[in-house]
Amino acid sequence: MENQKIAVFPGSFDPITLGHESVIRRALPLFDKIIVAIGINADKRCMFPVETRLAFIRELFQGESKVETDCFNSLTADYCKHRHIHFLLRGLRTAADFEFERIVGLSNKLLHPELETVFLLTDNQYSFVNSSVVRDILAHGGSPAAFVPERVNRMIQEYISSKA
């Protein structure tokens, strides 16, 4: 594992979107493994429980041996340091994303000097997609089918039906 190129792709993934999926799939040739890690933030209200979000990700990448899931309740840099991971994967949709991610990346580098942040530009067709939009659509009874992978959409519909 020491010589492997392992990246962490952190986020809330509430839920995982087509944009997230695109970044992960496009990054697969760059790394030996990508850990899609859900950061648990007690201050953030999530629509889906952590186990459900992990299930969405596992279903989406079922059969892809280079994708692993995890969750953590610490600073991302500390999680990476603890796991001996030296790459952080981030997707960029807009210039505003870049500025925010640049600051976070520099902060992470101070906390974990061996941690390099790798940015991938989001595909144009997903540049407006984010989990907040999906949650808003769901909160208003709409379908997120245009924003999330088909497998995840089915699971979301099952989850919502089970809560009704």
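Checking 40, 6 one by one, the residue that is of a type outside the set (Ser, Thr, Tyr), buried (at least 18 other Cβ atoms within 10 Å of the Cβ), in contact (Cβ under 8 Å) with a residue 12 or more places away in the chain and at negative phi is 6 and no other. Screening residue 35 against (1) of a type in the set (A, V, I, L, M); (2) more than 27 Å from residue 156 (Cα to Cα); (3) touching an Asp or Glu at 6+ places or on another chain (Cβ under 7 Å) leaves a single unmet condition, (2).
Looking only at residues that are over 19 Å from residue 56 (Cβ atoms) and aliphatic (A, V, I, L, M) in segment 114-161, which one is farthest from the chain's Cα centre (by Cα)? Restricting to residues being over 19 Å from residue 56 (Cβ atoms) and aliphatic (A, V, I, L, M), the top hit is 115.
Looking only at segment 18-35, decide whether some residue is β-branched (Val, Ile, Thr) and assigned to a helix (DSSP H, G or I). Yes, the conditions are met somewhere in segment 18-35. When 57, 85, 103 are screened for being of a type in the set (Val, Ile, Thr), within 18 Å of the chain's Cα centre (by Cα), over 18 Å from residue 18 (Cβ atoms) and modelled with pLDDT of 95 or more, only 85 passes.
Residues in segment 43-55 that are buried (at least 21 other Cβ atoms within 10 Å of the Cβ) and touching a Lys or Arg at 6+ places or on another chain (Cβ under 8 Å): 0 in all. With respect to the conditions (1) touching a strand residue (DSSP E or B) at 6+ places or on another chain (Cβ under 6 Å); (2) in a helix (DSSP H, G or I), residue 160 falls short on a single one, namely (1). Within the option set 106, 88, 110, being surrounded by 15 or more Cβ atoms within 10 Å (Cβ to Cβ) and out of contact with any helix residue (DSSP H, G or I) (no Cβ under 6 Å at 6 or more places or on another chain) holds for one residue only, 88.
Taking first residues from segment 143-164 that are under 11 Å from residue 16 (Cβ atoms) and partners that are basic (Lys, Arg), no Cβ contact under 8 Å between residues at least 6 apart in sequence or on separate chains turns up. Summed over segment 102-128, the residues that are among the aliphatic types (A, V, I, L, M) and out of contact with any Lys or Arg (no Cβ under 9 Å at 6 or more places or on another chain) give a count of 3.
The values are calculated or read from the model by the stated rules, or taken from the named source; none is laboratory data. Just so it is clear, the structure is predicted and the values come from calculations on it, not from any experiment. Cβ atoms come from the backbone with ideal geometry, glycine included; neighbour counts cover every protein chain shown.
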